[in-house]
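The values are calculated or read from the model by the stated rules, or taken from the named source; none is laboratory data. Bear in mind that the values here come from a model prediction, so they are computed numbers and not experimental data. Cβ coordinates were reconstructed from backbone atoms using ideal geometry, including for glycine residues, and neighbour counts include every protein chain displayed. What goes into the accessible areas is simple: the full protein's heavy atoms, side chains included, and nothing from ligands, DNA or RNA. Shrake-Rupley method; radii C 1.70, N 1.55, O 1.52, S 1.80 Å.
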Amino acid sequence: MAKKDSKESELPSTGRLSRGAIAGMAVARAGLAHLGHKAQSLTRDDAQQAKARAAHEAELGRILFAALNQLKGTALKASQLMSMELGFLPDGMRQELARAHYQVTPLNRAVVVKVMRQELGQDPHTLFQHFEPQAFAAASLGQVHAATLANGDAVAVKLQYPGMAASIGSDMRMLRSLLQTLGGHSDALPKASIVERVMADIECKLAEELDYLHEAQALQWFSQHLTLPGLVIPQPVMDRTTKRMLTMRHLAGQHVNEWLQTQPSQEQRDRYGQLLFDTFMHCAFVLHRLQADPHPGNYLFMPDGQLGLLDFGCTRALSPDFCEAVASVWSTLLHSPLDTQRVQQAYRSLGLIDPALSAHDFCTQLLPALADMQAWQRLPFTVSVYDFTQHPPYPGSKPEHQRQAVQFLQAVPPDLPYFDRAYLGLTQLLKTLGARVRTTNPWIH
């Protein structure tokens, strides 16, 4: 959860009519944009067509983001999640959705008191020895306050904005409608069945993230199982926790940008980078469960050299078969000449491609469309120690490659979006740190 921004915006409107009007306006704008694109395409040559198509998909992304940004709440959170689904949307659309900022106007004191009374039947001054009414962090779904228990222990109290749970169903229905409309205006979106599966998964995860009891249980699970030296996971205070209010031990530390301003040494950067990398690999390939929200605000660099892990509202238990298939694909991609038969078999076992896809089409059409993404993914594993300062940005997909890939994509394995999202977040954080990391490991080699 990011630190609260001083810039204010309105809390999400929960009125069905007002939210429906926003979505309807977006559909109308998309239709007009598509008509304009089609009319102008009649006079363009092939090179101009490709450039115009990419611009049109970016415009559709801006229309979608504008609507979700107005809806805020669960809709804005869904925007951020979709932007992290690698290969799901055309790159122009994905980049526009990545603009989701999460900031909303903090609840005033009266609403804070009302929420606590609804959850635990008592006022903040009764529940805590001290409670800071001004939130120190705010996001799309809730905000966090500093407080002190009767025994003097410092805690963080996360409160959910009113109306969030009630808006999930309507927001996701509108989002499905928007994507269906946009899909009719672009041939780079996956087939309808894949879009629906991704949307259903996002809806399920949003419901989990709005259940703070579920997050409290995840905090306890990871604290018990993720025991790598140097990691700290705050524990929940269960008698001060409900579905809409989570109280947990407060961790003292700095977020990454604040920590970098202290000008840490390269050795310190490398140490934290190694800990982050080892944590991801251990979670994915040993525990088979990921903290699947890679926001940099979810990591605390602590004064004693430890790393605090925050926000376990979105986690994912991974299938061991899925992890084995991913390790097989990435390991195979590291060797030359490429064993295309092994890669194709792993893609089949993941359910990504039709078993009937011929080896010729796989090698001559699908693999070239995926080559840039595969090269980016495997790059850190091509050397024993990798300098993430040099790691290139995620390459995205050329429009022609995006259309080629979605043509052969049969389904999205349910674990894949979470793995990709966590890996993308890891690489971005390691690049921000400028860390040099030992990437040699027992699973990808």
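I'd like to check something: does segment 260-271 contain any residue that is over 30 Å from THR74 (Cα atoms), at pLDDT 95 or above, of a type in the set (Lys, Arg) and open to solvent by 30 Å² or more (accessible area, probe 1.4 Å)? Yes, the conditions are met somewhere in segment 260-271. For segment 340-360, enumerate the residues that are modelled with pLDDT of 90 or more, more than 29 Å from the chain's Cα centre (by Cα) and either surrounded by 15 or more Cβ atoms within 10 Å (Cβ to Cβ) or assigned to a helix (DSSP H, G or I) (or both). THR340, GLN341, ARG342, ALA359, HIS360, listed by residue number. I'm trying to understand the selection: among the residues of segment 142-157, which are small (Gly, Ala, Ser) and free of Cβ contacts under 8 Å to residues at least 60 places away in the same chain? Within segment 142-157, ALA150, GLY152 meet the criteria.
The listed residues are LEU228, LEU246, LEU206, and the only one of them that is in contact with a helix residue (DSSP H, G or I) (Cβ under 8 Å, 6 or more places away or on another chain) and under 22 Å from ASP278 (Cα atoms) turns out to be LEU228. Within segment 284-339, being in contact with a His (Cβ under 8 Å, 6 or more places away or on another chain), closer than 18 Å to LEU251 by Cα and not aliphatic (A, V, I, L, M) holds for PRO296, GLY297, TYR299, PHE301, ASP311, GLY313. In this structure, LEU409 qualifies as over 19 Å from MET281 (Cβ atoms) and either out of contact with any Lys or Arg (no Cβ under 9 Å at 6 or more places or on another chain) or open to solvent by less than 60 Å² (accessible area, probe 1.4 Å) (or both). In segment 210-227, the residues that are in contact (Cβ under 8 Å) with a residue 40 or more places away in the chain and among the acidic types (Asp, Glu) form Cβ pairs under 8 Å with partners that are crowded, with 19+ Cβ neighbours inside 10 Å and assigned to a helix (DSSP H, G or I), at six or more places apart or across chains, as follows: GLU215/GLU209. Name the single residue, out of those in segment 361-390 being aromatic (Phe, Trp, Tyr) and touching a strand residue (DSSP E or B) at 6+ places or on another chain (Cβ under 9 Å), that is surrounded by the fewest Cβ atoms within 10 Å (Cβ to Cβ). Among them, the one singled out is PHE362.
Restricting segment 327-339 to residues that are without any contact (Cβ under 8 Å) to a residue 40 or more places away in the chain and among the polar types (S, T, N, Q) leaves a set whose member that is surrounded by the fewest Cβ atoms within 10 Å (Cβ to Cβ) is SER336. Out of ALA137, ALA156, ALA147, ALA110, report the one residue that is open to solvent by 30 Å² or more (accessible area, probe 1.4 Å) and at pLDDT 80 or above. Result: ALA110 is the single residue among ALA137, ALA156, ALA147, ALA110 that is open to solvent by 30 Å² or more (accessible area, probe 1.4 Å) and at pLDDT 80 or above. Within segment 185-194, can one find any residue that is over 17 Å from GLY73 (Cα atoms), under 21 Å from the mean Cα position of the chain (by Cα), surrounded by fewer than 17 Cβ atoms within 10 Å (Cβ to Cβ) and at pLDDT below 85? Within segment 185-194, one or more residues are over 17 Å from GLY73 (Cα atoms), under 21 Å from the mean Cα position of the chain (by Cα), surrounded by fewer than 17 Cβ atoms within 10 Å (Cβ to Cβ) and at pLDDT below 85.
Conditions (1) within 22 Å of the chain's Cα centre (by Cα); (2) open to solvent by less than 20 Å² (accessible area, probe 1.4 Å); (3) under 21 Å from LYS431 (Cβ atoms); (4) basic (Lys, Arg), marked per residue:
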{"residue": "GLU215", "(1), (2), (3), (4)": "yes, yes, no, no"}
{"residue": "GLN224", "(1), (2), (3), (4)": "no, no, no, no"}
{"residue": "VAL237", "(1), (2), (3), (4)": "no, yes, no, no"}
{"residue": "ARG244", "(1), (2), (3), (4)": "yes, no, no, yes"}
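In this entry, PHE285 is excluded by the filter for residues that are buried (at least 20 other Cβ atoms within 10 Å of the Cβ) and farther than 30 Å from ARG117 by Cβ. Across segment 226-235, the qualifying residues are those that are hydrophobic (A, V, I, L, M, F, W, C) and either assigned to a helix (DSSP H, G or I) or over 22 Å from ALA154 (Cα atoms) (or both), and the one among them that is least open to solvent (accessible area, probe 1.4 Å) is LEU226.
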